[in-house]
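The values are calculated or read from the model by the stated rules, or taken from the named source; none is laboratory data. All values reported here derive from a predicted model rather than from experimental measurement. Glycine gets a Cβ as well: all are built from the backbone with ideal geometry, and neighbour counts include every protein chain shown.
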Amino acid sequence: MSIKVGSRQSYDMDGLLKEIAQPGLMVVLYFFSWEYERFEPHKAVKRTFPQAVCVGASMQGGWSTTGVVEKGIVALSLGADEVEEVFTGFKEGIKSDPAHCAQAAIEELKGKLGYRNISPDDYLGLIFFDGLGRGEVIMQALSMEARLNLPFVGGAASDERFAKTLVCCDERLSADGLVLVVMKMKIPFYYTHSLHLSPEGSSIVATKADAQQRLVWELNGEPAAPYYAKLIGAKSIEALTHEVFIQHPLGVVSGNTVYCRSLYGVVEGRALRFFCYIEAGTTLHLLRPGDILAESRKIVQEAQSYLPQVQGALLCNCSLRLLELKLLKKERAFNDLFTHLSFIGFNGFGEELFTHHTQTLTAIFFGRP
């Protein structure tokens with residue numbers, strides 16, 4: 001068979017699952033609006049496809065071949081023609097101890113994988129977790145695992161309220177969980193990320209920070225919030241809204257690579273809270289937005305040049321990029337970049353590929369045999 005996708009703007013789970021059903025189904029990935037928790041979507045999916053590994057997460061809106069999904073559910077299925085084997089690790093406790101939770105999920109996954117030779121050319125890793133946890137700690141734990149010699153691509157679950165985010169693994173649903181997936185693929189695949197932000201001006205240093213709380217108290221020895229407001233030309237710290245933050249993020253530059261460190265808000269009139277942790281002594285750069293559509297289009301072109309035939313894709317897009325797309329009135333134009341593929345995507349509270357990103361798009365493209 002082939003990759004099958006579906007989407008709904010309301011909770012029509014029966015119709016959606018019929019749309020993605022296929023012989024030899026191996027994996028189902030799905031993303032849903034947080035309000036659908038009461039319908040127990042994880043039970044419906046697993047009940048319909050008991051033989052498959054079924055993994056899901058809550059979203060702040062999604063993307064699909066049939067159009068933008070502001071509220072609803074999107075789903076993708078992979079069959080035996082695409083996936084030979086699939087393994088999972090699922091644990092709870094990410095909020096209280098993300099390092100321990102990550103290690104426990106890793107150990108469960110390694111136990112199922114055994115001592116096979118895992119080649120990043122043949123095996124693909126996926127990761128989804130409670131978006132209110134600290135993704136940077138989880139990705140650090142994964143990066144230190146020599147036996148898991150493959151990248152994990154994915155995103156953090158989200159909602160519209162920063163109140164409760166959900167992940168699902170088969171019949172289990174959690175507001176404090178982490179799921180790891182490893183698939184042995186029969187088809188070629190290509191993973192990448194897109195960032196439309198570039199550094200401008202001189203660097204600044206986080207001279208006082210609380211990394212565990214994702215707080216920066218001082219920049220260049222001055223109170224961080226007033227310093228940042230002056231740096232970007234804001235009239236006052238009261239003018240520092242989410243709309244301002246997405247236009248003026250900070251980032252870490254390593255060679256030609258930029259890692260965005262998006263801002264969340266002001267604390268006590270002095271500190272800046274971020275969506276990623278920043279340690280004291282970190283050098284930061286003010287970033288300026290480029291063309292979000294042009295940069296997104298590039299990764300489609302890259303995938304087409306790398307894979308013999310691209311048939312589908314999975315997108316993990318930052319909710320801050322969604323806000324930017326809404327401000328620009330370009331949500332549909334963004335979705336249209338991918339509609340020639342069988343694809344789904346969701347907007348989350350962070351994106352994963354080698355590290356924990358923000359204001360980024362991570363993506364997996366699937367080729368044909």
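Only a single item in (1) farther than 26 Å from Leu132 by Cβ; (2) aromatic (Phe, Trp, Tyr); (3) touching a Cys at 6+ places or on another chain (Cβ under 6 Å) is not met by Phe90, and it is number (1).
Okay, residues lined up against (1) within 27 Å of the chain's Cα centre (by Cα); (2) over 30 Å from Gly111 (Cβ atoms); (3) among the charged types (D, E, K, R):
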residue	(1), (2), (3)
Val182	yes, no, no
Glu200	yes, yes, yes
Thr207	no, yes, no
Gly221	no, yes, no
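When Arg297, Arg321 are checked against the criterion of being in contact with a strand residue (DSSP E or B) (Cβ under 7 Å, 6 or more places away or on another chain) and among the charged types (D, E, K, R), Arg321 stands alone in meeting it. The set of residues in the range 109-124 that are part of a loop (DSSP other than H, G, I, E, B) and either among the polar types (S, T, N, Q) or closer than 22 Å to Leu178 by Cα (or both) comprises Gly114, Asn117, Ile118, Ser119, Pro120. Of the strands (runs of 3 or more DSSP E) entirely within the range 142-256, those holding at least 1 residues that are out of contact with any strand residue (DSSP E or B) (no Cβ under 6 Å at 6 or more places or on another chain) and among the small types (Gly, Ala, Ser) occupy 197-210, 250-254. If you go through the range 302-340 and keep only what is buried (at least 24 other Cβ atoms within 10 Å of the Cβ) and in a strand (DSSP E or B), you end up with Gly312, Ala313, Leu314, Leu315, Cys316, Asn317, Cys318. Filtering the range 300-318 to residues that are touching a strand residue (DSSP E or B) at 6+ places or on another chain (Cβ under 7 Å) and under 30 Å from Gln247 (Cβ atoms) leaves Glu302, Ala303, Ala313, Leu314, Leu315, Cys316, Asn317, Cys318.
Of Glu136, Glu200, all but one fail to be among the acidic types (Asp, Glu) and either at pLDDT 95 or above or surrounded by fewer than 16 Cβ atoms within 10 Å (Cβ to Cβ) (or both); the exception is Glu200. Looking at the range 91-105, can you tell me whether even one residue there is closer than 26 Å to Asn317 by Cβ, part of a strand (DSSP E or B) and touching a residue at least 60 places away in the same chain (Cβ under 8 Å)? Within the range 91-105, one or more residues are closer than 26 Å to Asn317 by Cβ, part of a strand (DSSP E or B) and touching a residue at least 60 places away in the same chain (Cβ under 8 Å). How many residues does the range 277-301 contain that are modelled with pLDDT under 95 and under 20 Å from the mean Cα position of the chain (by Cα)? Total meeting the criteria: 3.
Considering the conditions (1) within 29 Å of Val5 (Cβ to Cβ); (2) more than 18 Å from the chain's Cα centre (by Cα), Gln60 is excluded by exactly one of them, (2).
Answer yes or no as to whether Ile246 is closer than 25 Å to Leu293 by Cβ, within 19 Å of the chain's Cα centre (by Cα) and of a type in the set (Val, Ile, Thr). Criteria met by Ile246. A residue that is of a type in the set (S, T, N, Q), on the phi > 0 side of the Ramachandran plot and surrounded by fewer than 18 Cβ atoms within 10 Å (Cβ to Cβ) can be found somewhere in the range 214-230. Selection of the range 268-301 for residues being of a type outside the set (Lys, Arg), under 19 Å from Asp336 (Cβ atoms) and either surrounded by 14 or more Cβ atoms within 10 Å (Cβ to Cβ) or without any contact (Cβ under 8 Å) to a residue 24 or more places away in the chain (or both) yields Ile292, Leu293, Glu295, Ser296, Ile299, Val300, Gln301. Looking at the structure I just gave you, is Cys316 closer than 30 Å to Gln140 by Cβ and in contact with a Cys (Cβ under 9 Å, 6 or more places away or on another chain)? No. Note on the range 3-45: among residues that are of a type in the set (Ser, Thr, Tyr) and either part of a strand (DSSP E or B) or not assigned by TED's automatic domain parsing to the domain that holds Leu314 (or both), the one that is farthest from Asp170 (Cα to Cα) is Ser7. Counting just the residues of the range 125-141 that are of a type in the set (D, E, K, R) and assigned to a loop (DSSP other than H, G, I, E, B), which one comes out farthest from Ser319 (Cα to Cα)? Taking the candidates together, the pick is Arg134.
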